[in-house]
Number of protein chains: 2
Amino acid sequence: MAEPRISSIDGKLAEDFAAPSHIEEVKEKMAAFARCHAEAGRRVVLITSGGTKVPLESRTVRFLDNFSSGRRGASSAEYFLDSGYAVIFLHRHRSLYPYTRMFLTINMLDALQFKGGNPGDVVVNQQVLPNIAKVLKRYQEVKDGSLLLPIEFNTLSEYLHLLKAAAQALSSIGSKAMFYLAAAVSDFYIPTSEMPEHKIQSSDGPLQLSMKMVPKILSPLVKDWAPEAFVTSFKLETDASILLDKARRALDTYRHQAVVANVLDSRRGYVVVVTPETQAELILTEDDVRNEVEIEEMIVSNLTSAHTKFMTQQDGSQK
Amino acid sequence: MAEPRISSIDGKLAEDFAAPSHIEEVKEKMAAFARCHAEAGRRVVLITSGGTKVPLESRTVRFLDNFSSGRRGASSAEYFLDSGYAVIFLHRHRSLYPYTRMFLTINMLDALQFKGGNPGDVVVNQQVLPNIAKVLKRYQEVKDGSLLLPIEFNTLSEYLHLLKAAAQALSSIGSKAMFYLAAAVSDFYIPTSEMPEHKIQSSDGPLQLSMKMVPKILSPLVKDWAPEAFVTSFKLETDASILLDKARRALDTYRHQAVVANVLDSRRGYVVVVTPETQAELILTEDDVRNEVEIEEMIVSNLTSAHTKFMTQQDGSQK
């Protein structure tokens, strides 16, 4: 497999994908966030989370999407924060969010009640939300410490440009930066120039779609935009038999630090963290499930250790 | 345009679209809900809301979707309830929901605080959510009266089968039933038999998709499944110049009662309600916007009047 050339990817990005209008502003915000926390001795992780929307029409009624609730990214953000990282959370609009994710399976209005029938006093029923006090306290600590910077995307174009901006913004803190690329990014797209303006008419008959391959942005990210950072990508397959091979091939091709490999059906209880030298199976036991342990806690613990080792090696090699 | 034949649509539904396993149970629930409210003298509206997911793989990683937050359906449900209707809310999983929709632009944890620093007392900050007491009160009334029956779908297949079941469940209450088909339903799909099992590999090169046309379910719904009901469909276009013509053509083809026609960019402030004899433009003025009037209030008011007239005519023609 030939390596994609960096210059051609940068060119494609400019040509086929419209940059969001606020890109420079967001980039400056991310750079300031990273500088400030690195100076305070913190590491910074950029988490991507959720699926990307790929429009089929420029005035978009229809789009292609990737399955992803954003659960893994939102949950991992909490464990990175618990491990002392500052977190840039680059996520799909309305995907799961750290801390609030715990309440998304219930209707919030079912958890509220009038205290003593008083309309001025609306309180949370802690029998419906038993963890609310603990979660709210932690949420407020994170907020007061400005430890979480949320950035939203909707479309694939926005994602690609924001990830590039984030990589450039984090390059100033060198090996203190980690990338945790958990978003489910589309492999296919329709270039702006080939997209119909208006809603495709069903009266025109069956739909024939021809979609191009999305440039592999991991390549310039690792080589050019943030060459000193610790980079973790994710591989999701439905066919377990090809998974590890694909994870190894990704490491060979892009020369980054780790791949978290997982299979759709078992992704909440089993992953393999693959690095150039190692391969660690992380498994959630029945006991873990009973104790509400999440696999993201294990993934984050594994990667923060690897990041520590990586930083030491980088420092060593620079002396 | 030739009319689709009912028998062929029923056949297609069974062949190309898998029915959800709980379909009979849901159908019985809807039928009981409709009977009970009709006996109490209430009309019943079936609202569909949100976009439909069209899988590209049977173990689904990728899917085609239609733009829809579910805002129109959720908002309309509240106005139908205010007008005395009982509501079956057939909506896309995690799309906007009546009453809670008002809080979806904020992070719920930003609206909560500890009262007097006491972890046992988590209260809503009514400066962040000024309408919470009013909305919670109305939500609880609706819940106590069992006036709202929520049913969820995710995929196009689930939507089609649930809509058919709903139509059959509502047929027993005749002209007291209204259909308000606001969901953004895909026009295209890939039959189960032509779908790959596993995630499509990007290493196979660019993606060629060939999608079939979804059967026009409005046809058997109007003619066969719920022939006495008042049926409203929606037409969304991005090109205003073809909109009214398409609305009229839909009425000619399916012989139902009303089409709500709207253009993507202006849909929150302007719609046209088209019936075989009339055409009513509904426009939100700047004053309306200032006073937080929503266009769904106007749409629902227009249609409930038309429904009243329709019921009287039906009664007359049966004597």
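The values are calculated or read from the model by the stated rules, or taken from the named source; none is laboratory data. Nothing here was measured: the structure is a model prediction, and the numbers come from that model. Positions of Cβ are generated from backbone atoms using ideal geometry, with glycine treated the same way; all protein chains shown enter the neighbour counts. Protein only, heavy atoms only, side chains kept; ligands, DNA and RNA dropped before computing areas. Shrake-Rupley method; radii C 1.70, N 1.55, O 1.52, S 1.80 Å.
Miscellaneous remarks
- Label positions at A:ASP110 and B:ASP265, each projected 7 Å from the Cα along the C-beta direction, are separated by 4.2 nm.
- With contributions of -39500 (n - 2.57) from each DSSP H run of at least four residues, the per-residue ellipticity at 222 nm computed over chain B stands at -11000 deg cm²/dmol.
- Counting only residues at least eight positions apart within a chain, or on another chain, the aspartates and glutamates with an alpha carbon under 15 Å from that of A:LYS27 are A:GLU152, A:GLU158.
- Along its first, second and third principal axes, ordered by size, the protein assembly as shown spans 97, 61, 51 Å in Cα coordinates.
- Dipole of the protein assembly as shown, positive direction: furthest Cα of A:LEU170, B:SER186, A:SER219, with charges on the beta-carbon: A:LEU170
- Formal net charge of residues neighbouring A:LEU104 (Cβ-Cβ distance under 12 Å; K, R +1; D, E -1): +4
- Of all beta bridges that DSSP places with both ends in the protein assembly as shown, some 40 percent have antiparallel geometry.
- The label-point distance for B:SER202 and A:GLN127, in a model that sets each label 7 Å from Cα toward Cβ, rounds to 5.0 nm.
- Dmax and Rg, reported as Rg then Dmax, of the stretch A:1-139 (C-alpha, Å): 20.4, 70
- Rotationally averaged projected area of the stretch A:240-318 (alpha carbon convex hull; nm²): 6.0 nm²
- Remark: the stretch B:86-96, residue by residue, has Karplus-estimated 3J(HN,Hα) of 8, 10, 9, 10, 8, 10, 5, 3, 6, 7, 4 Hz, where x stands for each Gly or Pro and the curve is 6.51 cos²θ - 1.76 cosθ + 1.60 at θ = phi - 60°.
- Taking every DSSP bridge with both residues inside chain B, close to 35 percent are antiparallel.
- The listed peptides A:266-276, A:46-56, ordered by packing as a protection proxy, come out as A:46-56, A:266-276 (highest mean of other Cβ atoms within 10 Å first).
- Taken about its Cα centre, the protein assembly as shown carries a charge dipole of about 340 debye when Lys and Arg each add +1 at the Cβ and Asp and Glu each add -1 at the Cβ.
- Pair B:SER317, B:SER8: separation of 7 Å Cα→Cβ label points (nm): 2.7 nm
- Charge context of A:ASP245, other residues only, Cβ under 13 angstrom, K/R +1, D/E -1: +1
- DSSP beta bridge pairing in the stretch A:1-148, given as percent antiparallel to the nearest 5: 40 percent
- Within the same chain, lysines fewer than 8 places from A:LYS212 are excluded, and of the rest, those with a Cα less than 17 Å from its Cα are A:LYS12, A:LYS53, B:LYS199.
- Entry comment: accessible area of the stretch A:240-318 is 55 Å² per residue, from protein heavy atoms only and a probe of 1.4 Å.
- Protein accessible area in the stretch B:77-155, 1.4 Å probe - carbon and sulfur %: 51 percent
- Taken about its Cα centre, chain A carries a charge dipole of about 360 debye when Lys and Arg each add +1 at the Cβ and Asp and Glu each add -1 at the Cβ.
- With a 10 Å cut-off around each Cβ of A:200-210, the average count of Cβ atoms from other chains is 5.
- Taking the alpha carbon gyration tensor of chain B, multiplying each eigenvalue by 5 and rooting it gives semi-axes of 31, 28, 21 Å, largest first.
- Shielding score for B:228-240, defined as the mean number of other chain Cβ atoms within 10 Å: 2
- Packing rank of B:157-165, B:19-27, B:241-249, where each peptide gets the mean count of other beta carbons within 10 Å, highest leading: B:157-165, B:241-249, B:19-27
- Hits among lysines - C-alpha to C-alpha of B:LYS115 under 30 Å, sequence gap 8 or more where chains match: A:LYS115, A:LYS134, A:LYS137, A:LYS143, B:LYS134, B:LYS137, B:LYS143
- Of B:THR285, A:MET102, B:SER95, farthest towards positive along the dipole that unit charges on Lys, Arg, Asp, Glu beta carbons give the protein assembly as shown: A:MET102
- Shielding score for A:57-68, defined as the mean number of other chain Cβ atoms within 10 Å: 6
- The accessible surface of the stretch A:240-318, taken with every protein chain in place and a 1.4 Å probe, is 47 percent carbon and sulfur.
- B versus A: buried accessible surface, summed, Å² (probe 1.4 Å, to nearest 100): 6000 Å²
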